[in-house]
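The values are calculated or read from the model by the stated rules, or taken from the named source; none is laboratory data. From a predicted model like this one, the values you see are computed outputs, not experimental measurements. Don't worry about glycine lacking a Cβ; one is built from the backbone with ideal geometry, like all the others, and counts go over all protein chains shown. Heavy atoms of the whole protein, side chains included, go into the accessibility calculation; ligands, DNA and RNA do not. Shrake-Rupley method; radii C 1.70, N 1.55, O 1.52, S 1.80 Å.
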Amino acid sequence: MSEVILQIDGKEVSATEGMTVLQAARSAGIFIPTLCYHEKLEPFAGCRLCIVEAEASGESRLIVSCVSAVEKDLVIKTRSERVDRIRKTLLELLLAHAPDSPKLQDLAVEYGADKNRFEKDASFCVHCGLCVRYCAEVVKKNAVGFVGRGTKKEICFVPEIASVECNDCKECFPLCPTSYLQAAFVLTEALAFPNTSSEPDSE
Amino acid sequence: MDIERIDQIIDSHRGEASSLIQILLEIQRENGWLPREALDRVRERLQVPVSRIQHIVTFYKAFSLVPRGRHQVHICVGTACHVRGATRILDKVEEITGIKAGETDLDLKFSVETVGCVGCCALGPVLEVDGKTHGKITPTETAAVLKSYE
Ligand code: SF4
Ligand code: FES
Ligand code: FES
């Protein structure tokens, strides 16, 4: 595989062909914020926090770094006024859904995002898809999926699968940026398969 | 809808998982809705996860997980129809059928749905029943149209 040299934040970075800009940046120790990215999963390009400015042949455009392949002589800026402004707005929109997410709050400090800018619609889930994709791609159980679309989209456990698989796994729990996943699981458990977890026996 | 018929539909697609949406559409078209048993059968035969089926059937409006009425009533609430009084048509339909948009009445006679622009704005407000378009409709005419259906 051939080597590709590009520039990220003024630093020469060598990457291999087929790598994404995000991977190249990470390999060089350059931080780009992400929400829906996970190294074990196929990129999802859902959150758009990872956008960066890319300059090639004199033109500057915004690219989504987790799904954009490296190119020779690309000049990447991981922060710029334009990028920061967009990230700030994205964070503000996400915070309207999950105002108390620690991950979002940390980024909000960095980008000066105001969590009260947009009217609150505390759905908690921000549709990053980490739980759904992790269960499908890594654990291969498909115990949790998306239902609905648009503003009504939400995650949903499949009780028949969750009742036998989840208690011994829960690997997706720490991935959720908002804890909504845990809440959804507890709710499903309470409704569909109570008393199967390791609660103290109370009979 | 019996299992044999569902198997026939699946077989006509050679049981390929990539035909999932087509198979679901055919069941929907023939049966009017997607019963749990049908979805279970499709899942078993195609070896696809429930979560994928769930995602698809809740994503597209063409699918219904509950029985639909014999007649599909669509009221256009697109911009043009809205300014031409679609709300009054919708009110009338809801009054006559006794149900709200998105619902089906208990006799399974009508299913009422609002839709975005149906593409003939000059005819607004537009009411569609079982695919037949009634343009420039008034609330009084709406009542007459609905009464003509059994
Ligand atoms: S529940 Fe959490 S991990 Fe799953 S999609 Fe929503 S925010 Fe992401
Ligand atoms: S990390 Fe790239 S879009 Fe979410
Ligand atoms: S808005 Fe009703 S047909 Fe266009």
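Pairs meeting the criteria (first residue in the range A:47-70 and among the basic types (Lys, Arg), second residue open to solvent by less than 10 Å² (accessible area, probe 1.4 Å), beta carbons under 6 Å, at least 6 apart or on different chains) are A:61/A:54. Restrict the check to the range A:74-93 and report whether at least one residue is surrounded by fewer than 16 Cβ atoms within 10 Å (Cβ to Cβ), more than 15 Å from ligand 2 (Cβ to nearest atom), in a loop (DSSP other than H, G, I, E, B) and at positive phi. Looking through the range A:74-93, none of the residues is surrounded by fewer than 16 Cβ atoms within 10 Å (Cβ to Cβ), more than 15 Å from ligand 2 (Cβ to nearest atom), in a loop (DSSP other than H, G, I, E, B) and at positive phi. Residues in the range B:77-91 that are open to solvent by less than 70 Å² (accessible area, probe 1.4 Å), near ligand 3 (Cβ under 9 Å from one of its atoms) and farther than 13 Å from residue B:123 by Cβ: B:77 alone.
Residue under question is residue A:164, and the condition is that it be within 22 Å of residue A:34 (Cα to Cα), of a type in the set (Val, Ile, Thr), within 14 Å of chain B (Cβ to nearest Cβ) and part of a helix (DSSP H, G or I); does it hold? So residue A:164 does not fit the description; no. Of all residues in the range A:27-47, those satisfying the criterion of being more than 13 Å from ligand 1 (Cβ to nearest atom) and out of contact with any Leu (no Cβ under 6 Å at 6 or more places or on another chain) are A:27, A:28, A:29, A:30, A:31, A:39, A:40, A:42, A:43, A:45. Does residue A:141 count as touching an Asp or Glu at 6+ places or on another chain (Cβ under 7 Å), farther than 30 Å from residue A:4 by Cα and either touching a residue at least 60 places away in the same chain (Cβ under 8 Å) or assigned to a loop (DSSP other than H, G, I, E, B) (or both)? Considered against the rule, which asks whether it is touching an Asp or Glu at 6+ places or on another chain (Cβ under 7 Å), farther than 30 Å from residue A:4 by Cα and either touching a residue at least 60 places away in the same chain (Cβ under 8 Å) or assigned to a loop (DSSP other than H, G, I, E, B) (or both), residue A:141 comes out as yes. For residue B:69, are the conditions met, namely being within 14 Å of another protein chain (Cβ to nearest Cβ) and either loosely packed, with under 13 Cβ neighbours inside 10 Å or away from ligand 3 (no atom under 16 Å from the Cβ) (or both)? Taking the combined requirement at face value, the residue does not satisfy it.
A count restricted to the range A:100-126 and to residues that are within 27 Å of residue B:65 (Cβ to Cβ) and either crowded, with 18+ Cβ neighbours inside 10 Å or at pLDDT 95 or above (or both) stands at 3.
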